[in-house]
Structures are given as structure tokens and as C-alpha cells.
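Worksheet for the structure shown next.
The values are calculated or read from the model by the stated rules, or taken from the named source; none is laboratory data. Note that the coordinates shown come from a computational prediction; the quantities given were computed from them, not determined experimentally. Neighbour counts are summed over all protein chains in view; Cβ atoms, including those assigned to glycine, are modelled from backbone coordinates with ideal geometry. Please note that ligands, DNA and RNA were not included when accessible areas were found on the heavy atoms of the full protein model with its side chains. Shrake-Rupley method; radii C 1.70, N 1.55, O 1.52, S 1.80 Å.
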Amino acid sequence: MSMSEPSGAERRAHPRMPAARKIYIVDDPRSWKCSLLDVAEKGARLSTAGIKPPPDKFVFVDAGGRRVHLAQVVWRSGAEAGVQFLETQRIGPRAGGAAGALEIARKFTGTLAGGGQG
């Protein structure tokens, strides 16, 4: 019996959980809203429909999930992108819009090894 699924079945180590909520993509000094479609322990799927696609590496502020992530795009397809979380920290309550997301992202990147995104 083969372990691979020709139908493209889930191959991730951690299951995806639906997460229809807004997040912020931060590419300092800019930040903009994006739709989070689903999330797993080590990554997420974003809808990029109608927005500027994220850069290859960026900070992802998920106020609803109370997390901030350093994320790297691992695939792009049409109006969606898959990202892998490289670093994650918990955050407090709501971000306070795009300006709040930018502030959270700046504090977060200041705590990373090397003090920046890359």
C-alpha cells in the first residue's frame, strides 16, 4: 500500500484549522490587511485577492490569534499564498489597525536574532 495520495491529500505534519479572519502583512514601513484562510502550527494560507502580494519574507500580525510571526512565502497560486512561520511570539489584545500592527512588528523584529527580518 502506498503512503502517497494521488488526490493531493494533506501531507502536513500539523493539520490546518479554518481561520476566516483579517491579519496584517507588515513590510516596514508599510502594513496592509489580508485575509487568513487557514492556519496550522507552522504556517498558514492567505488570500491575496485584491491586495498587493506579500514579499517573500515579512511579518504577519494575527491580532485575533494573538500571535506575530516572521513568515516566508513557500508557494503562490492565483490569489492565494502559503507561508511558513520562521519565528512566532504571543501578543496582547487587538493590534489597533495598521499602525498598531506596524508597532507590534517593529517590537517583534527587534527581539529576533540579528535584530531584523533578514
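Please find, among 44, 71, 13, the residue that is of a type in the set (A, V, I, L, M) and modelled with pLDDT under 95. Working first, answer last.
Values: 44 fails: modelled with pLDDT under 95; 71 fails: modelled with pLDDT under 95.
Every option except 13 fails the conditions.
Residue pairs whose Cβ atoms lie under 6 Å apart, separated by 6 or more positions or on different chains, with the first residue in segment 74-85 and within 10 Å of residue 44 (Cα to Cα) and the second at pLDDT 95 or above and among the aromatic types (Phe, Trp, Tyr), are 82/75. Taking segment 78-118 as the range and being at pLDDT below 85, of a type in the set (A, V, I, L, M) and either surrounded by 18 or more Cβ atoms within 10 Å (Cβ to Cβ) or within 16 Å of the chain's Cα centre (by Cα) (or both) as the test, only 95 passes.
Count, please, the residues in segment 22-49 that happen to be hydrophobic (A, V, I, L, M, F, W, C), surrounded by fewer than 17 Cβ atoms within 10 Å (Cβ to Cβ) and part of a strand (DSSP E or B).
Just the residues of segment 22-49 that are hydrophobic (A, V, I, L, M, F, W, C), to begin with: 23, 25-26, 32, 34, 36-37, 39-40, 44, 46, 49.
Now narrow it down to the ones that are surrounded by fewer than 17 Cβ atoms within 10 Å (Cβ to Cβ): 32, 49.
Of the ones still in play, those that are also part of a strand (DSSP E or B) are 32.
Within segment 22-49, residues that are hydrophobic (A, V, I, L, M, F, W, C), surrounded by fewer than 17 Cβ atoms within 10 Å (Cβ to Cβ) and part of a strand (DSSP E or B) number 1.
In this structure, does residue 52 turn out to be within 12 Å of residue 26 (Cα to Cα) and surrounded by fewer than 17 Cβ atoms within 10 Å (Cβ to Cβ)?
Yes: the conditions hold for residue 52.
In segment 55-71, the residue that is least open to solvent (accessible area, probe 1.4 Å) out of those that are part of a loop (DSSP other than H, G, I, E, B) and free of Cβ contacts under 8 Å to residues at least 40 places away in the same chain is 55.
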